[in-house]
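Since the structure comes first, as structure tokens, the remarks are kept for the end.
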């Protein structure tokens, strides 16, 4: 059986494929939050590494390609800017900076997430009703890497 908040393996995920890993719309507030906390430009690979420790990914490294795609969409929307960091040694890396529009977007996400939370609770009630059962207690979800 899959864990309440995050599947522990791909085999667990197959039991309910929509659980956990497919909430890609929430990658945006995750990235915005990481960048706002950091307070200065970030390399994409640092965003990927830090995202793994966010509540969204529960200690599991996210798909780097998906994070870079989200960053590209966010740049197209004016939420971040990017520039190449070309050190004298080593390879060039893209450096991402949160824009004023990105900070405003993160503020809007705070309200949107509160609305999602209410909507999800209503959906839990409806789902329990559809099964003819009492609403179970909300599980204790751990988002840390060590479970």
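The values are calculated or read from the model by the stated rules, or taken from the named source; none is laboratory data. The shown structure was predicted, so the numbers you read here are calculated from the model rather than taken from an experiment. Neighbour counts run over all protein chains shown; Cβ positions are idealised from the backbone, glycine included.
Overview of results
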read-out	value
Single condition residue 92 does not satisfy, out of (1) exposed (fewer than 13 other Cβ atoms within 10 Å of the Cβ); (2) closer than 19 Å to residue 37 by Cα; (3) in contact with a strand residue (DSSP E or B) (Cβ under 6 Å, 6 or more places away or on another chain)	(2)
Boolean, residue 100 is within 25 Å of residue 36 (Cβ to Cβ), out of contact with any helix residue (DSSP H, G or I) (no Cβ under 7 Å at 6 or more places or on another chain) and at pLDDT 90 or above	yes
Odd one out for residue 130, checked against (1) at negative phi; (2) modelled with pLDDT under 95	(2)
Flag if residue 111 is modelled with pLDDT under 95 and over 13 Å from residue 31 (Cβ atoms)	yes
Any helices (runs of 4 or more DSSP H) falling wholly within the stretch 17-86 and containing at least 3 residues that are under 26 Å from residue 117 (Cβ atoms), in contact with a strand residue (DSSP E or B) (Cβ under 9 Å, 6 or more places away or on another chain) and modelled with pLDDT of 95 or more	27-38
Lone unmet requirement of (1) more than 18 Å from residue 39 (Cβ to Cβ); (2) in contact (Cβ under 8 Å) with a residue 12 or more places away in the chain; (3) surrounded by 13 or more Cβ atoms within 10 Å (Cβ to Cβ) for residue 81	(1)
Number of the exception - residue 106 against (1) at pLDDT 90 or above; (2) in a loop (DSSP other than H, G, I, E, B); (3) surrounded by 10 or more Cβ atoms within 10 Å (Cβ to Cβ)	(2)
Top-ranked residue of the stretch 133-147 - restricted to ones that are surrounded by 10 or more Cβ atoms within 10 Å (Cβ to Cβ) and within 16 Å of the chain's Cα centre (by Cα), ranked as modelled with the highest pLDDT	141
